[in-house]
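Reading through the structure tokens given below for one structure.
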């Protein structure tokens, strides 16, 4: 929206200061140490810190803040971008993860939904459908 300058000038914002992406999200958990094991062992996130009340895990510039809470087990609304929701589904089934929704084609592309160890629902969607850049696979120089 154009803004007027009190001195009579004119200034119009472009994209300065606007969000560039999602940096992270809060997830309520009963115990941070136990919850962090799910995210580091199953989802292969890196443990950043854990002070007993709050643990931070992350991967590729996205962080989850696992915050100790008495209320857990709800739909977080968090959507992970994955290369292939079918591959994620197969892999997490092998890990004993409980799925709320098997992979399904929807308005946002193929997505699936599963629970963490506290019963919180997390979602995974095909990154291509969400318009996220995907680096091409590296080619073998011998080919």
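A single member of 57, 100, 29 is in contact with a strand residue (DSSP E or B) (Cβ under 8 Å, 6 or more places away or on another chain), over 15 Å from residue 114 (Cα atoms) and without any contact (Cβ under 8 Å) to a residue 24 or more places away in the chain, and it is 57. In the range 83-95 there is at least one residue matching the filter, namely being assigned to a loop (DSSP other than H, G, I, E, B), surrounded by fewer than 14 Cβ atoms within 10 Å (Cβ to Cβ) and over 18 Å from the mean Cα position of the chain (by Cα).
Residues in the range 114-126 that are part of a strand (DSSP E or B) and within 18 Å of residue 29 (Cβ to Cβ): 114, 115, 121, 122, 123. The criterion of at least 1 residues that are within 30 Å of residue 83 (Cα to Cα), under 16 Å from the mean Cα position of the chain (by Cα) and at pLDDT below 95 is met, among strands (runs of 3 or more DSSP E) falling completely within the range 1-52, by 24-29. Tallying residues that are at pLDDT below 90 and surrounded by 14 or more Cβ atoms within 10 Å (Cβ to Cβ) within the range 110-139 yields 3. Restricted to the range 57-73, and to residues there that are part of a loop (DSSP other than H, G, I, E, B) and modelled with pLDDT of 95 or more, the residue that is surrounded by the most Cβ atoms within 10 Å (Cβ to Cβ) is 72.
The values are calculated or read from the model by the stated rules, or taken from the named source; none is laboratory data. In this text, all values refer to a predicted model and were calculated from it rather than measured experimentally. FYI the Cβ positions are ideal-geometry reconstructions off the backbone, even for glycines, and counts take in every protein chain you see.
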